[in-house]
Amino acid sequence: MIKISPSVLTADFLTLENDIKKLEDAGVDMLHLDVMDGEFVPNISFGNPIIKSIKAHTRLPLDVHLMIDRPHRYIDEFAKYADIISFHYEAGSDNAATLKRIRELGVMSAIVIKPCTEPECVFDLLPLCDMVLVMSVEPGFGGQKFMPQALAKLSALRDECNRRGLDMLIEVDGGINAETAPLAVKAGANVLVAGNYIFSADDMAARVKEIKSI
Ligand code: DX5
Ligand code: ZN
């Protein structure tokens, strides 16, 4: 079963409560929240106070994607409201220790790879992960074009998980729309992040339905 995790990065935050209700009614599985620090990526988004407010207004699981330097410093803070915490392989933490800490706090753990990182880099971390996230754009901004190189990475990760007998969530993030979603699913993704494609639509529910029907 494919899960949809809409990214609120390009949403209007003053009407977000209403949009979240629409997404709930449309049957999305979780909400993808992109935290950016202006260091790890050249953009600043929002932090835990916004996530706390969102948590108070939805029962959807919160899929928190940390694009921050040395994320281990903030895991305990984000674990207060997150259901899944993903952080970057490249961000300068002890990745195994950080994954273990996330699970210790009762939150699902996930590692993310940028377009420049090979999937083999995270193979040894897979037993510590509940999810792996493959970036299909350079992290930092919504509305970019899907990079097809992500497809081979998704396949390599799915094959390795199968080889190890791991029933893994494999998420893909960046440029997902009606054309790219089926390719990502075919390659092995079972969680699709979609930001611009959903939030730029007049009828968000129709877009969710379209992606869900894959
Ligand atoms: C990019 C973020 C994405 C982004 C996806 O750095 O991690 O989650 O919001 O947006 P779209 O779907 O518009 O590419
Ligand atoms: Zn993201």
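The values are calculated or read from the model by the stated rules, or taken from the named source; none is laboratory data. All values derive from a computational prediction rather than experimental measurement. A quick note on method: Cβ atoms are made from the backbone with ideal geometry, for glycine too, and the neighbour counts reach across all protein chains shown. Remember, those area values only see protein heavy atoms, side chains included, never the ligands or the DNA or RNA. Shrake-Rupley method; radii C 1.70, N 1.55, O 1.52, S 1.80 Å.
Quick look at the values:
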quantity	calculated
Region 148-214 versus region 1-77: alpha-carbon centroid distance in Å	18 Å
Coarse-grained scattering of region 1-44 at q = 0.14, 0.28, 0.32 Å⁻¹, given as base-10 log I(q)/I(0) from a Debye sum over alpha-carbon atoms	-0.41, -1.00, -1.15
Accessible surface of region 3-212 [probe 1.4 Å, protein heavy atoms]: carbon and sulfur percent	50 percent
Low-density loop cleavage sites - GluC sites (Glu not before Pro) in region 106-214, where at most 10 other Cβ are within 10 Å (DSSP)	Glu179
Descending semi-axes in Å of region 70-140, equivalent ellipsoid built from Cα gyration tensor	19, 13, 11
Mean accessible surface per residue for the chain, computed with a 1.4 Å probe while every protein chain stays in place, in Å²	45 Å²
Full-stretch length increase - Lys186, Lys21 - with 0.36 nm per residue and alpha-carbon distance subtracted	56.4 nm
Theoretical FRET efficiency, 1/(1+(r/R0)^6), r = Cβ-Cβ of Ser155 and Glu104, R0 25 Å, to 0.05	0.20
Per principal axis, descending, Cα span of the chain in whole Å	43, 36, 30
Student exercise, the chain dipole from Lys, Arg, Asp, Glu Cβ charges, in Debye to nearest 20	340 debye
Estimated FRET transfer efficiency when R0 is 35 angstrom, pair Gln144-Leu14 (beta carbons, to 0.05)	0.90
Proportion of all alpha-carbon pairs of region 1-86 beyond 15 Å (%)	56 percent
Gained length - Phe123 relative to Arg59, 0.36 nm times residue gap less alpha-carbon distance	19.8 nm
Length released on extending from Ile2 to Asp94, taking residue separation times 0.36 nm less the Cα-Cα span	30.0 nm
